[in-house]
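Report on the following structure.
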Amino acid sequence: MRTRVTDLLQIRYPIVQGGLAYLAYADLAAAVSNAGGLGQITAMSLPSQQVLREEICKVRTMTQQPFGVNFAIGQHDRPFEHMLDVAIEEGVPVVSITGGNPEPLIRRMDGHSMKKLVLVASARQAQKAESIGADAVMAVGQEGGGHLGRDDIGTIVLIPRVVDAVQIPVLASGGIGDGRGLLAALSLGAEGVEMGTRFIATQECVHAHPAYQEALLRGSEHDTQVIKRTLGTPARVVRTAGSEQILQMEQNGADYEQLKAYISGERNLDFIHRGNAKGFGWAGQVIGFIHDIPTVQQLVDRMIEQAEQGLQRIKQSMNEEQR
């Protein structure tokens, strides 16, 4: 399966693993890269430059394939420059940027060979990313987990809009978790996909608490909620007691200072690492068709087979129509 994304990233399949704060470390990243996609380490969840360097070195002992480092700059008060410097020094093949203004990171990478991916939620953001030097954009629709755009635009509408707006490759994100989603994304003009939620429900996502993974298995597409909309930073989570409390507080007019403790990284960890339902965990509507916890290799193989079967079905239907 060859697209501009596979050529750009030097990977076998156009499948990129999302940044997944507090979850995307060497075990998962290496597994995705070994399966033919692009695995990623989450940088801003790590406590120091040294730990990031150790994770990068660990990935390299586990795979010979390209991998990336994700910088989720929009949701962290911490400076990112010193962490990005580690990725540059280590010659990481790919850097992805989610949230916030990507330009300072892209400027800091000027003159270096790593490929730069930027997450966007609108055609306008995609054009801006292209203008400042992004090599590709990942366009996330409203179905996705984690932080979303403010305009409630679904993936099936967003992707063609972004594809038409830029010349660089586009990866589709949001609501994609199997081969049907991959084939649909390619049909819409994207040249690959980025997946987050589906990779949480894999055996190599070793930092995800069983209660979190079970919530993804048990939930339907109706069991996600969008929190933080009143703060202007909407984000989709799986339904928990903690998310219900946040929404109730928002409905009652709570401001940021009142919500801060409930939407913090520590409350996120309460659920995703410790299984405490008073916390919260990111998840997209794709949980409606997550029914097992395979290995990453099994998941990717299944996706490719399903996409190929879908393509053959379409071709057969078109041939029958022509007869």
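Tabulated data for the structure shown
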item	result
Within-14-Å neighbourhood charge of Q50 [Cβ basis; K, R +1; D, E -1]	-3
The stretch 228-270: GluC sites (Glu not before Pro) falling in loop per DSSP and having at most 13 other Cβ within 10 Å	none
Among G19, V137, I56 - extreme Cα towards positive end, dipole of the stretch 4-207, charges at beta-carbon	V137
Label-zone membership for the stretch 19-61, site D85, 7 angstrom Cα→C-beta point, backbone N under 20 Å	43-57
S113/V51 FRET efficiency (R0 30 Å; Cβ-Cβ; nearest 0.05)	0.80
Surface/4 estimate of mean projected area, convex hull on alpha-carbon atoms of the chain, nm²	15.9
Linear extension gain, E244 paired with K278, 0.36 nm per residue minus alpha-carbon span	11.3 nm
Normalised convex hull volume, the stretch 210-286, alpha-carbon set, Å³ per residue	74
Given charges at beta-carbon only (K, R positive; D, E negative), |dipole| of the chain in Debye	180
Rough spin-label spacing in nm, given labels placed 7 Å along Cα→Cβ, for E257 and Q127	4.0
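All of the numbers you see were taken from the coordinates with simple rules; none came from a lab. Small disclaimer: the values here were computed from a predicted structure and weren't measured. All Cβ positions, glycine included, derive from the backbone under ideal geometry; neighbour counts span all protein chains shown.
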